[in-house]
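Undergrad: I'd like to ask some things about the structure below.
The values are calculated or read from the model by the stated rules, or taken from the named source; none is laboratory data. On a predicted model such as this, the values are computed, not experimentally measured, just so you know. As a convention, Cβ positions derive from the backbone with ideal geometry for all residues, glycine included, and neighbour counts pool all protein chains shown. Note: accessible area is taken over every heavy atom of the protein model, side chains too, but ligands, DNA and RNA are not part of it. Shrake-Rupley method; radii C 1.70, N 1.55, O 1.52, S 1.80 Å.
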Amino acid sequence: ETLQTKQKPQAVTKMVKIEQSQIDDLMDIVGELLVVKNALPYIANNMTSQSIEISKRELSGRYEEISRVTDQLQDKVMNMRLLPLSYIFNRYPKLIRDTSRKLGKKIRFEEFGGDTKLDKMMIEKIADPLVHIIRNSLDHGIEMPDVREQKGKDSSGSVTLNAYAQSDKII
């Protein structure tokens, strides 16, 4: 008898779709890097003891260009890793519908900020904990409809997911 392990479904696919324009931008940046790289041997070959100061200035200028271009490259690559939170938010309405039916509770669900982008790895890390939080909020945070009415509340409870960018952080 063999023991089979049940594979956990991936929260986020291992592939990322990249727009052609982003690839074109990367190629432009790599082209700039090649131009600067190819200038370095020229500076080295023309270096003499009389031209040290000139060569230092040229090398400093090339370093600044490389620094600027590599910063652009890093920004482009980082932006390619961003996915909209709707990628995981889209599964929650069904989760809430199924769980509320099972628990016999009435739930209104609202979601805001699904277009807010977050790094793919962070989305992978928060997907399962969000499922747990939603289930717990339905199970323990919202009363049964009759109890809610006795307390003067609407018989339906509400769950709201709200994401938005605030500086470099997603809240």
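Undergrad: Describe numerically, in nm with one decimal, the distance between label points set 7 Å from Cα along Cα→Cβ at LYS94 and at MET15.
TA: The two pseudo-label positions are separated by 2.0 nm.
Undergrad: Between LYS125 and GLN72, what length in nm is gained on full extension when 0.36 nm per residue of separation is reduced by their alpha carbon distance?
TA: Taking LYS125 through GLN72 to full extension adds about 16.4 nm, to one decimal.
Undergrad: Against the longest principal axis of the chain, how steep is helix 92-103, in degrees 0 to 90 to the nearest 10, with axes from Cα atoms?
TA: The angle comes out at about 20 degrees.
Undergrad: Report the longest stretch of the chain that contains none of the trypsin sites (Lys or Arg not before Pro) sitting in a DSSP loop with at most 10 other Cβ atoms within 10 Å.
TA: 18-150
Undergrad: Putting +1 on Lys and Arg Cβ atoms and -1 on Asp and Glu Cβ atoms, find which of LEU73, TYR92, ILE134 reaches farthest to the positive end of the dipole of segment 66-150.
TA: Value computed over the given set: TYR92.
Undergrad: How large is the dipole of the chain about the Cα centre if only Lys and Arg carry +1 and Asp and Glu carry -1, each at its Cβ, rounded to the nearest 20 debye?
TA: That gives a dipole near 900 debye.
Undergrad: Carbon and sulfur atoms: what percent of the 1.4 Å accessible area of segment 5-151 do they account for?
TA: 56 percent
Undergrad: I want to check the label-to-label distance for ASP154 and PHE112. Put each point 7 Å from Cα in the C-beta direction and report it in nm to one decimal.
TA: 1.5 nm
Undergrad: Let me ask another. Over all alpha-carbon pairs of segment 87-126, lay out the pair-distance distribution in 5 Å bins, whole %, shortest bin first.
TA: Spelled out per bin, shortest first, that is 6, 19, 24, 20, 15, 11, 6, 0.
Undergrad: Continuing with this model, one more query. Hey, with R₀ at 22 Å, roughly what FRET efficiency would ASP139 and ASN162 work out to, going by the Cβ-Cβ distance, to 0.05?
TA: Calculated value: 0.60.
Undergrad: Continuing with the same structure: Stokes-Einstein diffusion coefficient for segment 104-171 at 25 °C in a medium of 0.890 mPa s, Rh from the Kirkwood formula over Cα pairs: what value in µm²/s?
TA: 178 µm²/s
Undergrad: Please list, in order, the residues from segment 90-105 whose amide nitrogen is less than 18 Å from a point placed 7 Å along the Cα→Cβ vector of ASP146.
TA: Within reach of a label on ASP146, which here means backbone N under 18 Å from a point 7 Å along Cα→Cβ, segment 90-105 contributes 101-105.
Undergrad: Counting heavy atoms of the protein chains only and a 1.4 Å probe, report the per residue accessible area for the chain as a whole number of Å².
TA: Per-residue value: 74 Å².
Undergrad: Does segment 31-131 classify as rounded, prolate or oblate by the C-alpha gyration tensor (a ≥ b ≥ c root eigenvalues; a/c under 1.5 gives rounded; else a/b over b/c gives prolate, otherwise oblate)?
TA: Prolate shape, in that a/c is at least 1.5 and a/b is the bigger ratio.
Undergrad: Considering all alpha-carbon pairs of the chain, what whole percent are spaced by more than 19 angstrom?
TA: Value for the chain (Cα pairs over 19 Å): 72 percent.
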